[in-house]
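Please read the structure below before turning to the comments.
No lab work stands behind these numbers, since they all come straight from the coordinates. These numbers come from a predicted model, not from an experiment. Cβ placement follows ideal geometry from the backbone for every residue including glycine, while neighbour counts extend to all protein chains displayed.
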Amino acid sequence: MFTWLLELFKIPETRDLTNTEDIDDIQTTVLHRNIIKKKHFLYKLFQEHYSIFKKNIEDIPDGLKIELGSGGGFLKEVINDVVTSDVLELPDVDKVIFAEKIPYPDKSVAAFFLLGTLHHIKEPEKFFSEINRCMKPGGKIIMIEPANTLFSRFFFKYIHHEQFDEKKDDWKVEGKGRLGDANLAIPWIIFIRDREKFLKKYPELEIFQIKKHTPFRWFLSGGLSYRQFVPSASFGLFTGIEKLLSPFSNTLGSFMTIVLKKSK
């Protein structure tokens, strides 16, 4: 619908990323890291999300802290002792880890961090089984993922390049692409639509928090594909506007923080 208009705002280096192979290439992740660093509005948004991660680990037990799907991010600048990871070797990423087969012993991990990663995991049920196995009692999984609200659904369905299928029966993500294949609705499907199914299947993983937020700042930032639509100096202004709109987050929020806690 708006494809022709959005093309005008695309970052020139991203215009050739037209298929899954291009998007999943290592150099695309390197490009993403450079984009995050250069776009101050987007960089501040990442910092804010990382601060949510940091705040949520104040009461966890001692143990490993693992980020899954680190990509071009910079969480280590905020949480120094985190082990960053992705499904292939990337610059500035510590380890190769597949979410469905986590290479750590039972009850050894105190925290997992996922920023926009869950909706790319091909078999979430295997992932949560692995989380349940290697998470310490009292440990947390902190995720920031797309929300399914009246406002966000329009953008995710008709403007964003990734699939948004809230009617999918199961939790699986089709395809083999690391970034190119996804279902943005998966977090909503698992934790809201199928909440009782999740709790029954993983009784030790308490849904500690689900909080919707960030109605439009990600879109204004241009994300990883488009130029910023607003000046960097306006970040504080739009942050203030979003705070004023926070009572309407269930209708307007485009993202949600999901915190799971392993029972003791």
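Roughly how tilted is helix 235-244, in degrees to the nearest 10 and between 0 and 90, from the longest Cα axis of the chain?
Compared with the principal axis, the helix lies near 60 degrees.
Relative to the compact-globule scaling 2.2 N^0.38 Å, provide the ratio for the alpha-carbon radius of gyration of the range 138-214.
Working it through for the range 138-214, the quotient is 1.16.
For the chain, find the longest principal axis of its Cα atoms and tell me its angle to the long axis of helix 40-55, 0 to 90°, nearest 10.
20 degrees
If each residue of separation counts as 0.36 nm, what is the full-extension length gain between F74 and E48 once their alpha-carbon separation is subtracted?
Stretched out fully, the F74 to E48 stretch lengthens by 8.2 nm.
Note the angle between two axes, namely the Cα long axis of helix 26-38 and the longest principal axis of the Cα atoms of the chain, as a number of degrees from 0 to 90, rounded to the nearest 10.
Its long axis makes an angle of about 70 degrees.
Using the count of nearby Cβ atoms within 10 Å as a rough guide to exposure, how do V87, V96 rank from fewest to most?
Exposure proxy ranking, most exposed first: V96, V87.
How big is the C-alpha Rg of the chain next to the rule-of-thumb value 2.2 N^0.38 Å, as a ratio? Intermediate results must be reported in sequence, preceding the final value.
Values: Rg = 17.7 Å, N = 264, 2.2 N^0.38 = 18.3 Å.
That works out to 0.96 for the chain.
Go ahead and set up a Gaussian network model of the chain, Cα springs under 10 Å, then flag whichever of K122, K38, K157 fluctuates most.
Taking springs between Cα atoms under 10 Å, the residue moving most is K38.
From the alpha carbon gyration tensor of the range 187-232, can you work out the equivalent ellipsoid semi-axes (sqrt of 5 times each eigenvalue) and give them in Å, largest to smallest?
Its equivalent ellipsoid spans semi-axes of 34, 10, 8 Å.
At 222 nm, what helix-only mean residue ellipticity would the chain give, in deg cm²/dmol to the nearest 500, using -39500 (n - 2.57) for each DSSP H run of four or more?
The per-residue figure over the chain is -9000 deg cm²/dmol.
Please give the contour-minus-distance gain from V30 to K197: 0.36 nm per residue of separation, less the Cα-Cα distance, rounded to one decimal in nm.
56.3 nm
Work out Dmax and Rg for the range 46-190 from the C-alpha atoms and quote the Rg first, both in angstrom.
Calculated on Cα positions, Rg and Dmax stand at 15.1, 44 Å.
Give me the net charge of G116's neighbourhood, meaning all other residues with Cβ under 12 Å from the Cβ of G116; Lys, Arg count +1, Asp, Glu -1.
Combined, the nearby Lys, Arg, Asp and Glu give -3.
Which three extents, in whole angstrom, do the alpha-carbon atoms of the range 208-264 cover along their principal axes, largest first?
So the extents along the principal axes, rounded to whole Å, are 46, 26, 19.
Return the loop-located GluC sites (Glu not before Pro) in the range 39-79 (DSSP other than H, G, I, E, B) with at most 12 other Cβ atoms within 10 Å of their own Cβ; answer none if there are none. Before the final figure, lay out each step's value.
Details: sites: E48, E58, E67, E77; in loops: E58.
Counting only loop positions with at most 12 other Cβ atoms within 10 Å, the GluC sites (Glu not before Pro) in the range 39-79 are E58.
Using θ = phi - 60° and the Karplus curve 6.51 cos²θ - 1.76 cosθ + 1.60, what whole-Hz ³J(HN,Hα) does each residue of the range 193-200 get, with Gly and Pro shown as x?
5, 10, 3, 5, 4, 4, 5, 6
What number in nm² do you get for the range 49-118 if you take the convex hull of its Cα atoms and divide its surface by four?
4.7 nm²
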